[in-house]
Structures are given as C-alpha cells and as structure tokens.
1. Among the candidates ALA228, ALA276, ALA300, ALA280, single out the residue that is at negative phi, at pLDDT 95 or above and surrounded by fewer than 19 Cβ atoms within 10 Å (Cβ to Cβ).
2. From the list ALA197, ALA251, which one is hydrophobic (A, V, I, L, M, F, W, C), assigned by TED's automatic domain parsing to the domain that holds LYS299 and more than 22 Å from THR288 (Cβ to Cβ)?
3. If I filter segment 33-50 down to residues being in contact (Cβ under 8 Å) with a residue 24 or more places away in the chain and within 23 Å of ALA254 (Cβ to Cβ), which single residue comes out as surrounded by the most Cβ atoms within 10 Å (Cβ to Cβ)?
4. Residue by residue through segment 238-273, note down the ones that are crowded, with 20+ Cβ neighbours inside 10 Å and acidic (Asp, Glu).
5. Go through GLY169, GLY156, GLY205 for me and flag whichever is over 19 Å from LYS49 (Cβ atoms), of a type outside the set (Lys, Arg) and touching an Asp or Glu at 6+ places or on another chain (Cβ under 9 Å).
6. Scanning segment 127-148 for residues that are closer than 26 Å to HIS178 by Cα and among the hydroxyl-bearing types (Ser, Thr, Tyr), which turns out surrounded by the most Cβ atoms within 10 Å (Cβ to Cβ)?
7. Got a sec? Which of LEU122, LEU102, LEU151 is hydrophobic (A, V, I, L, M, F, W, C) and under 24 Å from GLY43 (Cα atoms)?
8. Assuming PHE202 fulfils every condition listed in (1) farther than 22 Å from GLN260 by Cα; (2) outside any helix (DSSP H, G or I); (3) of a type outside the set (Lys, Arg) apart from one, which condition is it?
Amino acid sequence: MKIAILGAGAMGSIFGAMLAEGGNQVTLIDVWREAVNAINANGLQVDDKDGKTRTIKLRAVTSPAEAGAQDLVVVFVKAFHTEDAVRSATPLLGASTNILSLQNGWGNAPKIAAIVGSDKVLMGVTYHSATVLGPGHVQHAGWGKTIIGELEASAGARLERVAQAFRAGGMEVETTPHIRKEIWSKLALNVCTLPTAALLRFYAGELVQHDGTLRMMENLLREVVEVANAQEIPLDYNERWSAITGLLERAKGARGSMVQDVENRRRTEIDVINGAVVNAGERLGIPTPYNNTMVWMVKALEETFSNPQ
C-alpha cells in the first residue's frame, strides 16, 4: 500500500517506520527540512525505550506534490495545523485515497471531511507514545493499541485493508463501528493527564503520587463523562478512572505530549483537548469549571513563550 504520513514528528515517524517495516511504500511529509534531509541521508533512527536504535530506510519530502497520489494518508500534524495541512495535501489524493486522522483531541476528522468529503475520512486513536530526540531521530517510548473507524459508517472492507497494513508492521489494531466512543475515551485520558502534567512539568507516573493531582483529575474526568453522556457517547466514570490511573502507574517515566510542547515553548493542543469539553459543555448547557480552568492556565502559560527568557 502507498502511504503518506502528513506530519513526521514523533508519532508520525514511528508509524511511518512500522508501516515501512511492514512492506508498505511510505513517504514522510514534513516542513522541518532538517529532519527530512537527515532521513533521506541516513534513514530514520528509532530508539526503543531501552535505547536500542534501529534504522529504517524510507523517503521523506517537504511538499506533498513530491509524493503523488496515495492509497492512504495518515494525518499526524498538530490539530491547529489540520486545515492548512490537508488543503496542501491535495496532490496526495486520488479517486480511492482514504485519509486517516490519528491526532489528539476531538474535531480533527470533521475539519478534514469539510475539505475532502466525509466519504474519504477515517478516524482513530492510538496508545503508542513517542518523543523527538533530534532531526530524523525519535524514541518509541511506549507501545499500545490503535483503534480505527469510519467517520460516518460501520467498519467495512476499506477499513480492514488499512488495519491489515498496520498489522503487517507489528501494530495491534482494532476496527470498530463505535469510533466516537473510543475517541472520547482517549480524550478523557488526555483531558485529565496532559494539562495537569504540563503545568507541573510532571512525568506521567507522578500524577498518581499526589492527592492534589488525583483530585484535579477526578473532577476533570467527571466533566468529560457528563458531557460525553449528554451526547449519547457512553463513557463510564469508574471504568475510565481505573484505566487512566492504571496506565499512569505503568508509565512512570513517560513524558506527555503537552509537557514536551511546554518544555520546548511551543503552542499546545489544549483547544481540542480540554477546550473540546468546554465547547461541548457550552453547547449543551453543562458547566465545566475544571476544564475551563485548565484552558485558561495553559493559554496563560503559552503567552509567556514569546518572552526570550
């Protein structure tokens, strides 16, 4: 399968590597020219969590026009770049091309559908984790399941073809006709953990070591569950709380994506994470004071990033 990865940061790179190792023809697309040059010259360097490095030979380009029509485009750009990135990606689209969003947060797939049509759009979540170590060099910090589904239909043949391409690369993949529930389940995890860790510069495991962070996450989760249930997305508070705390206890040394953004003084994805809960709450008449607070605090922190200090 011809596959383009739109956004070759940490997650895009590890997925590109695994898909290439599975026998797919993969092209990484990113505006970071230094990384593109390093990948083309030396291959993509992928460290496992123990520091062992493997090198994957694959093509990287800075412009979608260099890649041509693809069977599948996997979108990994930051949420605030989604519309511009997809509009620039029209050279990748043929009559039978599918576009899969595995981005953080809620709202990316509808934005993509508004540009290319909902019939081309797949969406999903992944529980892999990764970190950029340098140009063309990433660490695959954690393995997890990837779940994919159709934007507006039940799981079908095209979805299974995509899943098989992923499985060939060694990934654990499930297809589901209930992908919105899966996305909101992952959103609940991110809402609780990402801004809390980012504001405190905590490793994942530290979030379950303190009464204050536990109480904050409990209240953030209650709001997510209430907002989801009001939209007929069946989240269960106890199930989510057990899953979130269990994951944090197993991921002691992991650094969340929002922590990495803050440490590198980059804009975060708070608008499609806690902001998605706030927006849905406003639409439904459900107060979300804890999620509001996280949005305000992270945005205040982002305002300091223009300061050279």
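The values are calculated or read from the model by the stated rules, or taken from the named source; none is laboratory data. None of these values were measured; they are calculated from a predicted model. Cβ sites come from the backbone with ideal geometry, for glycine too, and all protein chains shown count toward neighbours.
1. Details: ALA228 fails: surrounded by fewer than 19 Cβ atoms within 10 Å (Cβ to Cβ); ALA276 fails: surrounded by fewer than 19 Cβ atoms within 10 Å (Cβ to Cβ); ALA280 fails: surrounded by fewer than 19 Cβ atoms within 10 Å (Cβ to Cβ).
Just a single option satisfies the conditions, and that option is ALA300.
2. Numbers: ALA197 fails: more than 22 Å from THR288 (Cβ to Cβ).
Of ALA197, ALA251, the one residue that is hydrophobic (A, V, I, L, M, F, W, C), assigned by TED's automatic domain parsing to the domain that holds LYS299 and more than 22 Å from THR288 (Cβ to Cβ) is ALA251.
3. Of everything passing the filter in segment 33-50, LEU44 is surrounded by the most Cβ atoms within 10 Å (Cβ to Cβ).
4. Matches in segment 238-273: ASP261, GLU269.
5. Details: GLY169 fails: over 19 Å from LYS49 (Cβ atoms); GLY205 fails: over 19 Å from LYS49 (Cβ atoms).
On inspection, the qualifying residue turns out to be GLY156.
6. Across segment 127-148, the extreme among qualifying residues is SER129.
7. Values: LEU122 fails: under 24 Å from GLY43 (Cα atoms); LEU151 fails: under 24 Å from GLY43 (Cα atoms).
Residue meeting the stated conditions: LEU102.
8. Condition not satisfied by PHE202: (1).
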